[in-house]
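Undergrad: Would you mind keeping the following structure in view while I ask a few things?
The values are calculated or read from the model by the stated rules, or taken from the named source; none is laboratory data. The shown structure was predicted, so the numbers you read here are calculated from the model rather than taken from an experiment. Cβ placement follows ideal geometry from the backbone for every residue including glycine, while neighbour counts extend to all protein chains displayed.
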Amino acid sequence: MENGGVALGDDTSTPKGRYPIAWFALYLLLAFGGRYLAGSHLDGYGSYEDEPAHMVTASLMRSYVTGPDPIHPIEYVGDYYLHFPKVGVGQWPPVLHFFLGGLLIPLGISRISFLLGTCLIAALAAFATRALARHCGLPRPLPGLLGILFLALPLVQNLSATAMTELLLAAEGAFAVACYGRYMTTGRNRDALLFGMWTVLAVLTKGSGIGLVLVPILTPLIAGIPKRMFSRGTVAAGIAVGVVGLAWYTATLEYSQATWAGVGRTASEYSLSAGRYYSRELVMILGSIVSFLAVVGLTVGLLDASTRNANATCLAWLIGLGGCYLFIRTGIEMRHLAVVLPIAVALAGRGSVCVWHVLGWRRNRQALPAAGLLVVGFSLQAFAPIAPNHRGFREALGWALEDPALSTAPWLVCSDASGEGLIVSEAVHLDPRHRKLQVLRSSKILAHDDWLGHGYKQRFDSEESLGAFLKQVPVGLVFLDLSLWRRHYFAHHESIRHYLENHPEHFQEVKRVDMLRNGVWYPQSLVVYRQVGFEDLPRNPVRLEDVLHPKEPDAQ
């Protein structure tokens, strides 16, 4: 197009960007600096119920690799679980745990190390957003600025400080989409194989990564080049993804299915509920202005022949993710939308450029006004700094370690899944090689059910049997959480609370701690009880089968 007007995406060759390492360093500085200044390095691991399990599993891998004794991996996992019962080996694919565990090898297990690891993942996702925007042909420096916008999104801020899989999958998915879109334009097998590599990593990061399999199927159809579907590069990438994905999920399907949610609703009810929730929350995350610009960018890109390949890959990935989120009952949560955000931000950038293009701005003057439009739209509707979430658990455990007798006695934590995870993960920091501490979760040792709480039943039906068990182990400390919401309050919580409060001759209250949970203060809500004379009782170690499959009381 002449006379100063340029069609969006004329530069489809995606030339090498300037200073890519500098952009990545900037993203890491913004992610880590922002979370550090917000106090995330002082927070516990409880923003999501799965977070403690990811943290403990990564710590396990680091401890196993650096351990002095060559123990069989299965035996090591079992022994580690007995001390810190939040291990998720096999429950989730291993890439996140390998990444964080590998980073911990030189840095050690600390909150700062984990925060650096999660912010590295956030920076990688921002860098992938930049790569995807450049692939879409956006003028410089808009792609780099879009990476900053991605990091500023409230959901991304929150996930930047949490050990979760979504941002890592977002990065891998964006890189995969950019590689396959480049393959659609160039036909180079190398680009198809790079797509296969990123897809394999995505599949081994989170189950919804399997949605990338639809990209080489749908993209050629959407772009009007169906022969690409059967090309050598596409077939080779498909075989690699199929072999790796089939092997992993066949081996772990029984474990992963145990965490699927949505039981009790028909498939159509679940899909409609998920569709309404995700569409509403995505607009809330981005704001209506940025969401509108993303729709404009997607529509215009599909109509423009010069950008059709890039947009077709983005749309195919969105369809693949939609299929996973709407038809696989893995739970309906806002955090899943983080995987969509690199594409949404890149498309919003395209939409903002389109607005200024319609107004007649020349190409070399479009980038900064377009970025300004995005910043104004985001600031008016979506900007929200994230405050600290979880405090108090570290102080309670640090106090307990001051007594040598307590540091080697089993501790029982009675809370919900998040609270139990917060204490278990803090215990890992205090004793990463599990040489002294042993934490018992009340939900596993005082009751039994499946991962989602179905088939719940108390293990002890009387105060006498409960007291006998606490004495038999013997339990040194009990951490009783009084901040539980009613829907997280089960029969075993009432039983242990009633026993502790009514038997001061056996358990004495020794400390109360203020807690911050999900940004809400609960004064004096973590109560610590100490068993009288536990130091003189014989030790009867809890076995793995007692934790995983507790026996009925009458069978003991």
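Undergrad: Can you pull out every residue in the stretch 475-501 that is of a type outside the set (A, V, I, L, M, F, W, C) and assigned to a loop (DSSP other than H, G, I, E, B)?
TA: Residues satisfying the conditions are GLY476, SER483, TYR489.
Undergrad: Which one of these is among the aliphatic types (A, V, I, L, M) and within 30 Å of PRO68 (Cα to Cα): VAL478, VAL439?
TA: Step by step, each of VAL478, VAL439 is checked, and only VAL439 is among the aliphatic types (A, V, I, L, M) and within 30 Å of PRO68 (Cα to Cα).
Undergrad: While we're here: Within the bounds of the stretch 409-425, is there any residue that is surrounded by fewer than 20 Cβ atoms within 10 Å (Cβ to Cβ), assigned to a helix (DSSP H, G or I), out of contact with any Gly (no Cβ under 8 Å at 6 or more places or on another chain) and at pLDDT below 80?
TA: Within the stretch 409-425 (the criterion being surrounded by fewer than 20 Cβ atoms within 10 Å (Cβ to Cβ), assigned to a helix (DSSP H, G or I), out of contact with any Gly (no Cβ under 8 Å at 6 or more places or on another chain) and at pLDDT below 80), the answer is no, since none of the residues qualifies.
Undergrad: Every residue in the stretch 109-133 that is within 22 Å of MET61 (Cα to Cα) and touching a Pro at 6+ places or on another chain (Cβ under 8 Å), please.
TA: Within the stretch 109-133, just ILE109 meets the criteria.
Undergrad: Scanning for something crowded, with 20+ Cβ neighbours inside 10 Å and in contact (Cβ under 8 Å) with a residue 60 or more places away in the chain, does the stretch 242-251 turn up at least one residue?
TA: The answer is no, given that none of the residues of the stretch 242-251 is crowded, with 20+ Cβ neighbours inside 10 Å and in contact (Cβ under 8 Å) with a residue 60 or more places away in the chain.
Undergrad: Same structure again: Quick check on ASP450: is it out of contact with any Leu (no Cβ under 6 Å at 6 or more places or on another chain), surrounded by fewer than 22 Cβ atoms within 10 Å (Cβ to Cβ), under 22 Å from HIS498 (Cβ atoms) and at pLDDT below 90?
TA: Taking the combined requirement at face value, the residue does not satisfy it.
Undergrad: Inspect the stretch 509-522 for any residue being of a type in the set (Val, Ile, Thr) and touching a Gly at 6+ places or on another chain (Cβ under 9 Å) and give the result as yes or no.
TA: Within the stretch 509-522, one or more residues are of a type in the set (Val, Ile, Thr) and touching a Gly at 6+ places or on another chain (Cβ under 9 Å).
Undergrad: If TYR81 satisfies all but one of (1) free of Cβ contacts under 8 Å to residues at least 60 places away in the same chain; (2) crowded, with 18+ Cβ neighbours inside 10 Å, what's the number of the condition it fails?
TA: Result: TYR81 passes all but (1).
Undergrad: Exactly one condition in (1) modelled with pLDDT of 90 or more; (2) under 18 Å from LEU482 (Cβ atoms); (3) not small (Gly, Ala, Ser) is not met by GLN531; state its number.
TA: Answer for GLN531: the failing condition is (2).
Undergrad: State the number of residues belonging to the stretch 285-324 that are without any contact (Cβ under 8 Å) to a residue 24 or more places away in the chain, part of a helix (DSSP H, G or I) and of a type in the set (A, V, I, L, M, F, W, C).
TA: So the answer is 1.
Undergrad: Could you list all residues from the stretch 330-356 that are closer than 16 Å to LEU151 by Cβ and more than 24 Å from the chain's Cα centre (by Cα)?
TA: ALA348, GLY349 - these are the residues of the stretch 330-356 that are closer than 16 Å to LEU151 by Cβ and more than 24 Å from the chain's Cα centre (by Cα).
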